[in-house]
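S.K.: If you scroll down you'll find the structure; I have some questions about it.
The values are calculated or read from the model by the stated rules, or taken from the named source; none is laboratory data. Fair warning: this is a prediction, and the values are worked out from it, not measured in the lab. Here the Cβ is made from the backbone with ideal geometry for all residues, glycine too, and neighbour counts use every protein chain on show.
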Amino acid sequence: MKKIEPAKATENVRHAIRDLVPVAEEVEASGKEVLYLNIGDPIVYDFRTPKHLWDAINANHKKCEGYANAIGSPEARQAIAEYANSMSAKNIAKNDAILFSGGSESIILALQALMNPGENILVPKPGYSVYNGELNFLNCEHNEYDLDEENNWQIDIETMRKSINEKTRGIIIINPNNPTGSVLTKKNLKEAIDLAGEFNLPVFSDETYDKIIYDDAEFVSAASIANDVPILGLGSISKTYLAPGMRAGWIYRQDPNGILDDYFAAIQKLCRLRLTNVGPGQAALIAALKGPQNHIPEMVSKLQKRRDLTYKRLNEIEGLSCDKPKGAFYAFPKIEFNVKSDKDFILDLLREKGVLVVNGSGFGQKEGTKHFRVVFLPPEETLNTAFDKIEELIKEKYS
């Protein structure tokens, strides 16, 4: 038989975080231990899903065995609505919420329901690579605006304005940001929302890390400061509720003028096409959003110590500089020594020292700069070992 060719639409699909894992597996097969600082999965390290999420799954095991409502049960959507309102969204009801099989599926279906080939949507640079990968698949442009590294990675409003054109369908904001760990100020967020209103664009506010906040930073939901501008708020239980394997994410809309009615119905059509949600994840989501929250301060306290260590160690290494993350569990250090590309550096680091981080070019970065992303979920001992190895490589090969 003739070789079967994949669809052309898959040619440019990339996911920087996952695409490096096969190389790491080759390194491990050679006998070298690999320290994985590439994937934001708390369960790989010393975090565990809160027990009451498992209790909810077990208590509802019969319901969880069958098909679940494709857009989420009324109880799950009510829980999402109440959560959104608790974050100062305005009058969100259960019919304004949709449940997905994880946060990534919400991104994929939301873009599929909106974008036509040749159109574009504004994405932050740096930003989460699933957005760019899906836009490539849809033959659409990821029209990038800059985050300003010299200003704690706040949105550069002027580059956002200059990026908007007649084919722009919306603006994506990631707050707290993956990969930089930045948290937008209320003033900066309002400027972005006001700009969206000026150009009649909806705002997609990815707020996956909304409760993982450090120091004096304050998380402000986009819906809390938007008036007539339609907001789509995205979130999941994967990070804040330490349940990435349970696959439960959501979108809620704040749309007082009904601008999103047809679009929201189109997302629901795509949900029905894939038949069902994840039953156990749906039970876990209700328990997560409505149940005890006492694990959150404990988690943040543990992570803050690791953030402090990461910030200190990275800035002590000659040739690196790093802004202090204010949220999430990522740092995005800048490479200030001479290297062909950040991907060359991280591959050297993986093959020679057995440390896996992710190249900054996989997330987007300002022209002429080079970065890499570090996940600071591991215990301090593991982080210190990794930073020792990073420092060794730079001294041995790049000094």
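S.K.: What is the number of the single condition among (1) in a helix (DSSP H, G or I); (2) of a type outside the set (S, T, N, Q); (3) under 19 Å from K32 (Cβ atoms) that P378 does not meet?
M.R.: (1)
S.K.: Of all residues in the stretch 157-174, which are of a type outside the set (S, T, Y) and out of contact with any Leu (no Cβ under 8 Å at 6 or more places or on another chain)?
M.R.: E158, K162, N165, E166, K167, I174
For every residue, the table says whether it meets (1) at pLDDT 95 or above; (2) of a type outside the set (A, V, I, L, M); (3) in contact with a Gly (Cβ under 9 Å, 6 or more places away or on another chain).
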site: I164; (1), (2), (3): yes, no, no
site: T168; (1), (2), (3): yes, yes, no
site: N175; (1), (2), (3): yes, yes, yes
site: P179; (1), (2), (3): yes, yes, yes
site: V183; (1), (2), (3): yes, no, yes
site: K186; (1), (2), (3): yes, yes, no
site: A192; (1), (2), (3): yes, no, no
site: L195; (1), (2), (3): yes, no, no
site: L201; (1), (2), (3): yes, no, yes
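S.K.: So, one more: Go through the stretch 39-53 residue by residue and tally those that are modelled with pLDDT of 95 or more, closer than 30 Å to T180 by Cβ and assigned to a helix (DSSP H, G or I).
M.R.: Residues in the stretch 39-53 being modelled with pLDDT of 95 or more, closer than 30 Å to T180 by Cβ and assigned to a helix (DSSP H, G or I): 3 in total.
S.K.: Of the residues E134, E65, which is surrounded by fewer than 17 Cβ atoms within 10 Å (Cβ to Cβ) and out of contact with any Lys or Arg (no Cβ under 9 Å at 6 or more places or on another chain)?
M.R.: It is E65.
S.K.: Test K269 against the stated conditions and say whether it is surrounded by 15 or more Cβ atoms within 10 Å (Cβ to Cβ) and outside the structural domain of K324 (by TED's automatic domain parsing).
M.R.: Taking the combined requirement at face value, the residue does not satisfy it.
S.K.: Suppose the filter is under 22 Å from R247 (Cα atoms) and not assigned by TED's automatic domain parsing to the domain that holds T369; does F137 pass it?
M.R.: It is false that F137 is under 22 Å from R247 (Cα atoms) and not assigned by TED's automatic domain parsing to the domain that holds T369.
S.K.: Another question about this same structure. From the list N69, N85, exactly one residue is under 30 Å from K186 (Cβ atoms) and modelled with pLDDT of 95 or more. Which is it?
M.R.: Exactly one of N69, N85 is under 30 Å from K186 (Cβ atoms) and modelled with pLDDT of 95 or more, namely N85.
S.K.: Taking the conditions exactly as written (at pLDDT below 95, surrounded by 19 or more Cβ atoms within 10 Å (Cβ to Cβ), assigned to a helix (DSSP H, G or I) and not acidic (D, E)), does A56 satisfy them or not?
M.R.: It is false that A56 is at pLDDT below 95, surrounded by 19 or more Cβ atoms within 10 Å (Cβ to Cβ), assigned to a helix (DSSP H, G or I) and not acidic (D, E).
S.K.: May I pose another question? Consider the stretch 12-38. How many of its residues are part of a loop (DSSP other than H, G, I, E, B) and either modelled with pLDDT of 90 or more or over 23 Å from the mean Cα position of the chain (by Cα) (or both)?
M.R.: Final tally of qualifying residues: 7.
S.K.: Only helices (runs of 4 or more DSSP H) wholly contained in the stretch 261-340 count here; list those with 1 or more residues that are on the phi < 0 side of the Ramachandran plot and free of Cβ contacts under 8 Å to residues at least 60 places away in the same chain.
M.R.: 261-273, 295-316
S.K.: Take the residues of the stretch 160-191 that are aliphatic (A, V, I, L, M) and over 19 Å from F332 (Cβ atoms): which is surrounded by the fewest Cβ atoms within 10 Å (Cβ to Cβ)?
M.R.: I164
Residue by residue, here is whether (1) among the polar types (S, T, N, Q); (2) more than 19 Å from the chain's Cα centre (by Cα); (3) outside any loop (DSSP other than H, G, I, E, B); (4) closer than 19 Å to P202 by Cβ holds:
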position	(1), (2), (3), (4)
G72	no, yes, no, no
A79	no, yes, yes, no
N85	yes, yes, yes, no
Q112	yes, no, yes, yes
G127	no, no, no, yes
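S.K.: Collect the residues in the stretch 74-102 that are closer than 20 Å to D262 by Cα and of a type outside the set (D, E), keeping them in residue-number order.
M.R.: If the condition is that a residue be closer than 20 Å to D262 by Cα and of a type outside the set (D, E), then R77, A81, N91, I92, A93, K94, N95, A97, I98, L99, F100 are the ones that fit.
S.K.: Take the residues in the stretch 344-365 that are part of a loop (DSSP other than H, G, I, E, B) and touching an Asp or Glu at 6+ places or on another chain (Cβ under 6 Å); name whichever of them is surrounded by the fewest Cβ atoms within 10 Å (Cβ to Cβ).
M.R.: G354
S.K.: Across the stretch 117-154, what is the total count of residues that are closer than 22 Å to F372 by Cβ and among the β-branched types (V, I, T)?
M.R.: Total meeting the criteria: 2.
S.K.: Another question, then. For the list (1) under 20 Å from F372 (Cβ atoms); (2) modelled with pLDDT under 95, I need the number of the one condition that L275 fails.
M.R.: (1)
Listed here are the residues, each with its yes/no results for (1) in a strand (DSSP E or B); (2) assigned by TED's automatic domain parsing to the domain that holds E65; (3) surrounded by fewer than 24 Cβ atoms within 10 Å (Cβ to Cβ); (4) within 17 Å of the chain's Cα centre (by Cα).
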| site | (1), (2), (3), (4) |
| --- | --- |
| V229 | no, yes, no, no |
| S238 | no, yes, no, yes |
| L242 | no, yes, yes, yes |
| G245 | no, yes, yes, yes |
| Y252 | yes, yes, no, yes |
| I259 | no, yes, yes, no |
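S.K.: Within the set of pairs 6+ apart or on separate chains, which have a first residue in the stretch 134-155 that is at positive phi, a second that is of a type outside the set (G, A, S) and surrounded by fewer than 19 Cβ atoms within 10 Å (Cβ to Cβ), and C-beta atoms under 8 Å apart?
M.R.: N139/P117
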